[in-house]
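K.L.:
After the structure tokens below, expect a handful of questions from me.
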Amino acid sequence: MPTPTLDAIDLSDREFWGAPPDQRHAVFDLLRRESPFAFFAEPVIPYIEPGAGYHAVTRYADVEAISCRPALFASGSGAVSIADMPPDLNEFYGSLISMDDPRHGKIRRIVAKAFTPRVLEKLVGNVQAVADDVVALARQKAGGGDGSIDVVADLAAPIPLRVICDMMGIPDDDRAMVLKQSNVILSGGDPELIEDEEYAVTAFLQAGEALARLMTRLAAERRSRPADDLTTALVTTEVDGERLTSQEIASFFILLLVAGNETTRNAISQGVLALSEHPAERDRWAADPGLTRTAVEEIVRWTSPITWMRRTATQDVELSGRSFPAGSKFLLFYGAANRDPAVFADPHRLDLARDPNPHVGFGSRGPHFCLGAHLARREIGVAFRAFAEQLPDLEVSGEPARLQSSFVNGLKRLPARLTGPR
Amino acid sequence: MTRVVVDRERCMSSGICEMEAPEVFELDDDGVLQVRQPADVSQVATAVRACPTGALALVD
Ligand code: HEM
Ligand code: SF4
């Protein structure tokens, strides 16, 4: 592997994001050491005016310093895109995650009521049943053919999708559409998922509209006929006498699909890949269910499924002795912070017993910290225990196809085989 | 005696503390954090550190 040099690095180059993780980590190690606020021009996206550029924040301490001061480093002009979002996209994708206080605090407290540990506890049986069912279907598929499966499509994708659809009460008939549209939204413009880059923005809008229509319909149904699901909780919950509008519910559903579904999928698929590359760690976890708590954290640290979130300086600010003018954009590179040797001993080693493990895979300190962190932890733990117990013969059998996206560290496919009892 | 206190302005009902120390913290049906003072505050040290908004503190 060629040694990277500072001037050759361009984080806005799409090619960089299709490169294997080792190469990307070598680049982030260099940036963290030599240029912890490296500045880059913005990537060119059709029909969107590129802004002035952004700083890539790669040190753990700086990521935390920005994340925990939301009044100075705001999310409102866009947390999930480098360019400021055009208002019509903001309508669908600008919920919660791209809001600031006081609105953020209000909406967050409404949705938090539907995501407490006690509510989650009721779901545990559900997550287990979903994982068991998905594993059985994968076994069936392998048995009906030559033993091949795709870890992404057959194991990693269906678990979080079914859990979220069950939570929201999405009818079975609508689920294929939900999967397809959420893929478009999360493609980050990957050419394989959006055929024509020119139409990326249109495809995004159409996907958002289709999902919003479904949710608006469902929200109306639950208002007249409440059920035991998250949609009902969302239409009925009040904070300070205020309820979510249908539009807000639709936006929030899209956020849940994107934030909750694809992230967990990629943690699972890349976790399977990481374990196949570290068979001693895989065997250790298989033999010791007690390792699950720390192992799940290490998988999230290792895979860091969300590569960055953006913050924008609301005034002239100072960070680690450097000054930045108001309006400066910062991308918080979580995967880079998660390999910062100042915080993690031997950061490039996968250690399923790592403890403490204060990773920022779910975001760093601050009000936007992942709403679904406990749900994701539960899903990942249940999924890997089900794989260890019911698919001990699972073997990765080919190269992964990586998503070319700077925002989501993801796999499109991971060929594997179930070799059967030997 | 050392006690654990919640800053209500900062707490956004994430439930991270409850996952760490369920005997001490519990979000009620309204999403409001209820605290049962622990006999031994060392029990909640991890939860205090883990709170993403820095809403928890130990005071004498
Ligand atoms: C391994 C899986 C997951 C990862 C790596 C992940 C990561 C993240 C990150 C990095 C943030 C942004 C934090 C910030 O801006 O400071 C976030 C926010 C969020 N996540 Fe997750 N997430 C995961 C699973 C989930 C699940 C399962 C759900 C829900 C079902 C979910 C819902 C959300 C929501 C709603 C937000 C926005 C919170 C806000 O802005 O207040 N996430 N997540
Ligand atoms: S961890 Fe902090 S923000 Fe979350 S519920 Fe506990 S006190 Fe509130």
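The values are calculated or read from the model by the stated rules, or taken from the named source; none is laboratory data. Keep in mind that this is a model prediction, so the values were computed, not measured. Quick reminder, even Gly has a Cβ in these numbers, built from the backbone with ideal geometry, and neighbours come from all protein chains shown. The accessibility values were calculated without ligands, DNA or RNA, using every heavy atom of the protein model including side chains. Shrake-Rupley method; radii C 1.70, N 1.55, O 1.52, S 1.80 Å.
K.L.:
Quick one: in the range B:33-54, of everything that is more than 9 Å from chain A (Cβ to nearest Cβ) and assigned to a loop (DSSP other than H, G, I, E, B), which residue is nearest to A:T237 (Cα to Cα)? Full working, then the answer.
P.N.:
Filtering the range B:33-54 down to residues more than 9 Å from chain A (Cβ to nearest Cβ) leaves B:33-45, B:47-48.
Next, only the ones that are assigned to a loop (DSSP other than H, G, I, E, B) stay: B:36-40.
Numbers: B:R36: 26, B:Q37: 29, B:P38: 31, B:A39: 35, B:D40: 36 Å.
Filtering the range B:33-54 for residues that are more than 9 Å from chain A (Cβ to nearest Cβ) and assigned to a loop (DSSP other than H, G, I, E, B), the one nearest to A:T237 (Cα to Cα) comes out as B:R36.
K.L.:
Which one of the conditions (1) at pLDDT below 90; (2) within 16 Å of ligand 1 (Cβ to nearest atom) does B:M12 fail to meet, given that it meets all the rest?
P.N.:
B:M12 satisfies every listed condition except (1).
K.L.:
Give the residues of the range B:15-50 that are within 16 Å of ligand 1 (Cβ to nearest atom) and over 16 Å from A:G105 (Cα atoms), sorted by residue number. Walk me through how you get there before you give the answer.
P.N.:
Step one: filter the range B:15-50 for residues within 16 Å of ligand 1 (Cβ to nearest atom), giving B:15-16, B:19, B:27, B:31, B:50.
B:I16, B:M19, B:L27, B:A50, listed by residue number.
K.L.:
One residue is enough: does the range B:17-25 have a residue meeting the conditions more than 14 Å from every other protein chain (Cβ to nearest Cβ) and either within 9 Å of ligand 2 (Cβ to nearest atom) or in a strand (DSSP E or B) (or both)? Walk me through it before giving the result.
P.N.:
Restricting attention to the range B:17-25, the residues satisfying the condition of being more than 14 Å from every other protein chain (Cβ to nearest Cβ) are none.
No - not one qualifying residue is present in the range B:17-25.
K.L.:
Count, please, the residues in the range A:118-156 that happen to be open to solvent by less than 10 Å² (accessible area, probe 1.4 Å) and part of a loop (DSSP other than H, G, I, E, B).
P.N.:
Total meeting the criteria: 1.
K.L.:
Would you confirm whether any residue within the range A:393-408 is more than 14 Å from every other protein chain (Cβ to nearest Cβ), part of a helix (DSSP H, G or I) and either over 21 Å from A:A38 (Cα atoms) or free of Cβ contacts under 8 Å to residues at least 12 places away in the same chain (or both)?
P.N.:
No, every residue in the range A:393-408 fails to be more than 14 Å from every other protein chain (Cβ to nearest Cβ), part of a helix (DSSP H, G or I) and either over 21 Å from A:A38 (Cα atoms) or free of Cβ contacts under 8 Å to residues at least 12 places away in the same chain (or both).
K.L.:
Could you check how many residues of the range A:353-392 are away from ligand 1 (no atom under 16 Å from the Cβ), within 15 Å of A:V296 (Cα to Cα) and in a loop (DSSP other than H, G, I, E, B)?
P.N.:
Residues in the range A:353-392 being away from ligand 1 (no atom under 16 Å from the Cβ), within 15 Å of A:V296 (Cα to Cα) and in a loop (DSSP other than H, G, I, E, B): 4 in total.
K.L.:
Right, here's the next one. Consider the range A:297-339. How many of its residues are over 20 Å from the mean Cα position of the chain (by Cα), outside any strand (DSSP E or B), more than 14 Å from A:A74 (Cβ to Cβ) and in contact (Cβ under 8 Å) with a residue 60 or more places away in the chain?
P.N.:
So the count comes out to 1.
K.L.:
Then there is this: Can you tell me which residue among A:L255, A:L244 is away from ligand 2 (no atom under 16 Å from the Cβ), touching a residue at least 60 places away in the same chain (Cβ under 8 Å) and outside any helix (DSSP H, G or I)?
P.N.:
Working: A:L255 fails: outside any helix (DSSP H, G or I).
Answer to the check: A:L244.
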